[in-house]
2 protein chains.
Amino acid sequence: MVIFRGFSASGISRTRSMDSRPTIETETLRFLLDFARSEGLSAHWDAGRNVVFSLPEHERAKHYILVGSHVDSVPRGGNYDGLAGVLAGLMCLVKARRGGEPLAQPVKVIAMRGEESAWFGPCYIGSKALLGVLSEKELGVRHKEDNSTLDAHMEAVGIDMTSVRASRPLLDRKAVAAYLEVHIEQGPVLIERNLPVAVVSGVRGNFRYKKISCFGEAGHSGAVPLAYRHDPVLAMAELLNSLDVAWHDFASKGRDLVVTSGMVSTDRAKHALSRIPDSVEFSLDVRSQDDEMLQNMHDLVLRHAERIERERNVRFDFGDVLWTKPALCHRQLIAELTRSAEALGLEPAIVASGGGHDAAVFSQAGIPTGMVFIRNRNGSHNPHEAMEIGDFEIATSVLYEFLITLQKSGANKQRKPVPC
Amino acid sequence: MVIFRGFSASGISRTRSMDSRPTIETETLRFLLDFARSEGLSAHWDAGRNVVFSLPEHERAKHYILVGSHVDSVPRGGNYDGLAGVLAGLMCLVKARRGGEPLAQPVKVIAMRGEESAWFGPCYIGSKALLGVLSEKELGVRHKEDNSTLDAHMEAVGIDMTSVRASRPLLDRKAVAAYLEVHIEQGPVLIERNLPVAVVSGVRGNFRYKKISCFGEAGHSGAVPLAYRHDPVLAMAELLNSLDVAWHDFASKGRDLVVTSGMVSTDRAKHALSRIPDSVEFSLDVRSQDDEMLQNMHDLVLRHAERIERERNVRFDFGDVLWTKPALCHRQLIAELTRSAEALGLEPAIVASGGGHDAAVFSQAGIPTGMVFIRNRNGSHNPHEAMEIGDFEIATSVLYEFLITLQKSGANKQRKPVPC
């Protein structure tokens, strides 16, 4: 199994997303470009100032499989988020160039910028620009430190902003037969299931409320009997518990769903041990691969909230909601990647992705998309990300097996993503 | 019914508890002393530097009914908490002195210091000193601003600290046939039930946890399926909801109980919309007049917490618990006060007290204790306390009716408090 020794991602420092100042993002891309050329690969900057690698003979291919991920990370992020996937693709090209089995179709590997939201707010800036779906609103957001716009930073980086502003893709979408992404898992599923890699079924969509307020009536904790009490904390507890019960129920039926309230707080300026608070604030983040599941849960949130408002005489103010649609991986690519894993003697496994990835942008643009997760300890977006290099080698082997065996008639046959 | 016109508590500014600097507490006592003497009443400072009023002929009575409350309040408190009760007693003496129906037994009215916890922490400092139950630990607590001890402040006020330190009562407990206290209600029950006054059944005891921590495991909100999730917020929600369900059940069976979590918070330094938090903190305050009910609820809290820890693989750290035993009013005094209210044509009503009162200290010292609540809008310990003067007059009339009709053979017959 050990076919990709000798390259560790951990030697590379990490990066700032789409920041026009001389950044580690650009330095990393230059490092990779030099490395690829030193291996005899073709490597060039694209119109999005990403770097695209291929075998020299595939540089001008009219149709190709695109393999990629991002090189940027978050402040105090780890070594493997994004970059491991870029290297997995690059290692496949190196292996093919060094005389491994030939690739079944032309393959291009892309090292993208700006996947993270750390500096501007929006995610997937690089892949959205590439596919012509970066909105005017997104281009107008400002850098958290220097306050100039994303548009200005992208222009300074050298990106073709005339196309980006006009929502014109920076690549020929029809040339891309499929998009493949290898990425570290950002949750614990592969660790818990003791699997080095898994094929991804799709990226969960979500609806998110950043600040739900519940308003009740303040009072002395000892002096207000149940009949006259309008307690926002107990109202919140009932709502969250109702959603939790529903989650357990759906999960037991095999439905894909996760429910999180990451932030809860009574008002520190007023709250006290012996005071019924007049309000509480909390967040809600509900995710699923299944759009219908998300709609069901959203209906359930509102229905429970209305019932609780009525029964307790409290009031919920939900504030703004953010919806992100699920992005499904392509059924045939899932099958092919699974077959590739099995061909290497691996236990086949398909898991959902909780975090978002560039793959979601490609899937939503109608390009058949596949993903492979690598086992990773300690979650992601923190310095303790811990991918074993052996697991990286296994993931890269699965990708290589896929690229050398994929039939030309494959993914493009059925472009509509379907649930897995 | 209008028999106590012409005296409004709202003219008197409020006070700092047991603070030895020249305070409004002392000023208020002086004001009342002067007023009482101007009405031909006996008035003097006692060994606790409270002021005691009586008809001149009762000044040296060997047995008497003690009527009282406190003159101190909290920072930004209202006009009526405590002081209304002192005035109700004083008004009864004035009426008797001015030729009203004679009192059935000698009556002394006491205007006490230091009921509130605002400056030192402990409550009921004045009544505890009076009854010889102020602990060494309590005497050692320090003023929140000048940092000198309660003991030092009390000594500077002129209190007989030799007795207080030796836990010797400052009054002859056997001389006190009963203790009566009129007080504004600090909850909404009389407002909600449209009653001007009610007889109090007792002061709720409680157990209180100021900071319960629940520890789980952090993660990406989208990336951790139910099977691997250890979410402290949903664990807290389940615990609080379980207690809430139990409360509804007990309340439906007529059991006296209130449950409050006044403070809840995830860690602001770490929490985020898309992060499963690793911990959450919350308070818990459970009160009842019924000691067995409190024990049951405490068992229930621990039982649910253990179950939830097991089921969710989270951990609760309960920290310190504070227990306060319920203080029941005397059954015969409740009956007599109810009869007095009925004699005035009022609807009889008995309610529990959620907040603590000096009455609880007298009850716990074995002195038969009775209380009357006055309707009060907007809760207490805030500048919006709103007692109607007409309701004050009704409460004072009930007290007067009680004092002119109580049989000498009354309360002292049965000294053991029993539940109502």
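The values are calculated or read from the model by the stated rules, or taken from the named source; none is laboratory data. Keep in mind it's a predicted model, so treat the numbers as computed, not measured. Cβ atoms come from the backbone with ideal geometry, glycine included; neighbour counts cover every protein chain shown. We work out accessible area using only protein heavy atoms, side chains counted, and drop any ligands, DNA or RNA first. Shrake-Rupley method; radii C 1.70, N 1.55, O 1.52, S 1.80 Å.
For region B:248-279, what are the residues that are in a helix (DSSP H, G or I) and either outside the structural domain of B:Leu300 (by TED's automatic domain parsing) or touching a residue at least 40 places away in the same chain (Cβ under 8 Å) (or both)?
Listed by number, the list holds a single entry, B:Phe250.
Going through A:Asn147, A:Asn194 one at a time, which residue ends up being open to solvent by 10 Å² or more (accessible area, probe 1.4 Å) and either among the aromatic types (Phe, Trp, Tyr) or under 25 Å from B:Asp231 (Cα atoms) (or both)? Show your work before the answer.
Working: A:Asn147 fails: either among the aromatic types (Phe, Trp, Tyr) or under 25 Å from B:Asp231 (Cα atoms) (or both).
Answer to the selection: A:Asn194.
Given the condition away from chain B (no Cβ under 14 Å), open to solvent by 10 Å² or more (accessible area, probe 1.4 Å) and part of a strand (DSSP E or B), answer yes or no: does some residue in region A:118-138 qualify?
Scanning region A:118-138 turns up no residue that is away from chain B (no Cβ under 14 Å), open to solvent by 10 Å² or more (accessible area, probe 1.4 Å) and part of a strand (DSSP E or B).
Only one residue in B:Glu385, B:Glu393 is open to solvent by less than 20 Å² (accessible area, probe 1.4 Å) and at pLDDT below 95, so which one is that? Step through it out loud before you land on a result.
Working: B:Glu393 fails: at pLDDT below 95.
Within the list B:Glu385, B:Glu393, the selection yields B:Glu385.
Report, ordered by the first and then the second residue, all pairs with beta carbons closer than 7 Å, sequence separation of six or more or different chains, a first member in region A:229-246 that is at the interface with another protein chain (Cβ under 8 Å from one of its Cβ atoms), and a second member that is open to solvent by 10 Å² or more (accessible area, probe 1.4 Å) and in a loop (DSSP other than H, G, I, E, B).
Pairs that qualify, where the first residue is at the interface with another protein chain (Cβ under 8 Å from one of its Cβ atoms) and the partner is open to solvent by 10 Å² or more (accessible area, probe 1.4 Å) and in a loop (DSSP other than H, G, I, E, B), are A:Asp231/A:Gly216.
Condition first: more than 14 Å from chain A (Cβ to nearest Cβ) and within 24 Å of B:Met18 (Cβ to Cβ). Can you find one or more residues in region B:191-205 that meet it?
Taking region B:191-205 and keeping what is more than 14 Å from chain A (Cβ to nearest Cβ), we get B:196-197, B:199.
Narrowing further to those that are within 24 Å of B:Met18 (Cβ to Cβ): none.
Within region B:191-205 (the criterion being more than 14 Å from chain A (Cβ to nearest Cβ) and within 24 Å of B:Met18 (Cβ to Cβ)), the answer is no, since none of the residues qualifies.
Can you pull out the residues in region A:150-164 that are open to solvent by 10 Å² or more (accessible area, probe 1.4 Å) and assigned to a helix (DSSP H, G or I)?
A:Asp151, A:Ala152, A:Glu155, A:Ala156, A:Val157, A:Thr162, A:Ser163
Inspect region B:372-382 for any residue being surrounded by fewer than 24 Cβ atoms within 10 Å (Cβ to Cβ), assigned by TED's automatic domain parsing to the domain that holds B:Lys174 and outside any loop (DSSP other than H, G, I, E, B) and give the result as yes or no. I'd like the intermediate steps shown before the answer.
Here is the first cut: in region B:372-382, the ones surrounded by fewer than 24 Cβ atoms within 10 Å (Cβ to Cβ) are B:377-378, B:381-382.
Next cut, assigned by TED's automatic domain parsing to the domain that holds B:Lys174 only: B:377-378, B:381-382.
Checking the rest, the ones that are also outside any loop (DSSP other than H, G, I, E, B) come to B:377.
Within region B:372-382, one or more residues are surrounded by fewer than 24 Cβ atoms within 10 Å (Cβ to Cβ), assigned by TED's automatic domain parsing to the domain that holds B:Lys174 and outside any loop (DSSP other than H, G, I, E, B).
Name the pairs whose Cβ atoms lie under 6 Å apart, with the first residue in region A:133-158 and modelled with pLDDT of 95 or more, the second open to solvent by 70 Å² or more (accessible area, probe 1.4 Å), and 6 or more positions between them or separate chains?
Final answer for the pair search is A:Thr149/A:Arg142.
If I filter region A:249-261 down to residues being over 13 Å from B:Met236 (Cβ atoms) and at the interface with chain B (Cβ under 7 Å from one of its Cβ atoms), which single residue comes out as nearest to the chain's Cα centre (by Cα)? Steps first, please.
From region A:249-261, those over 13 Å from B:Met236 (Cβ atoms) are A:249-260; that's our starting set.
Filter once more, so that each one left must be at the interface with chain B (Cβ under 7 Å from one of its Cβ atoms): A:251, A:258, A:260.
Working: A:Ala251: 22, A:Val258: 15, A:Thr260: 17 Å.
For region A:249-261, the residue satisfying everything is A:Val258.
Pull up region A:170-190, narrow it to residues that are away from chain B (no Cβ under 14 Å) and assigned to a helix (DSSP H, G or I), then point me to the one that is most open to solvent (accessible area, probe 1.4 Å). Break it down stepwise before answering.
Within region A:170-190, the subset away from chain B (no Cβ under 14 Å) is A:170-182.
Okay, now just the ones that are also assigned to a helix (DSSP H, G or I), so A:173-175.
Values: A:Arg173: 87, A:Lys174: 163, A:Ala175: 7 Å².
Residue satisfying both the conditions and the ranking: A:Lys174.
Can you tell me which of (1) assigned to a helix (DSSP H, G or I); (2) surrounded by fewer than 22 Cβ atoms within 10 Å (Cβ to Cβ) is the one B:Leu234 doesn't meet?
In the conditions (1) assigned to a helix (DSSP H, G or I); (2) surrounded by fewer than 22 Cβ atoms within 10 Å (Cβ to Cβ), B:Leu234 misses (2) alone.
How many residues does region B:396-412 contain that are outside any loop (DSSP other than H, G, I, E, B) and modelled with pLDDT under 90? Step through it out loud before you land on a result.
Taking region B:396-412 first, the residues outside any loop (DSSP other than H, G, I, E, B) are B:396-405, B:411-412.
Filter once more, keeping what is modelled with pLDDT under 90: B:411-412.
Residues flagged as outside any loop (DSSP other than H, G, I, E, B) and modelled with pLDDT under 90 within region B:396-412 amount to 2.
Would region A:263-277 turn up any residue that is more than 23 Å from B:Glu281 (Cβ to Cβ) and either more than 10 Å from chain B (Cβ to nearest Cβ) or open to solvent by less than 30 Å² (accessible area, probe 1.4 Å) (or both)?
Within region A:263-277, the first condition is being more than 23 Å from B:Glu281 (Cβ to Cβ), and the residues that meet it are none.
Scanning region A:263-277, I find no residue that is more than 23 Å from B:Glu281 (Cβ to Cβ) and either more than 10 Å from chain B (Cβ to nearest Cβ) or open to solvent by less than 30 Å² (accessible area, probe 1.4 Å) (or both), so the answer is no.
If the requirement is being in the same structural domain as A:Asp317 (by TED's automatic domain parsing) and surrounded by fewer than 24 Cβ atoms within 10 Å (Cβ to Cβ), which of these qualifies: A:Ser167, A:Ser213?
On the way: A:Ser167 fails: in the same structural domain as A:Asp317 (by TED's automatic domain parsing).
Sole residue among the options that is in the same structural domain as A:Asp317 (by TED's automatic domain parsing) and surrounded by fewer than 24 Cβ atoms within 10 Å (Cβ to Cβ): A:Ser213.
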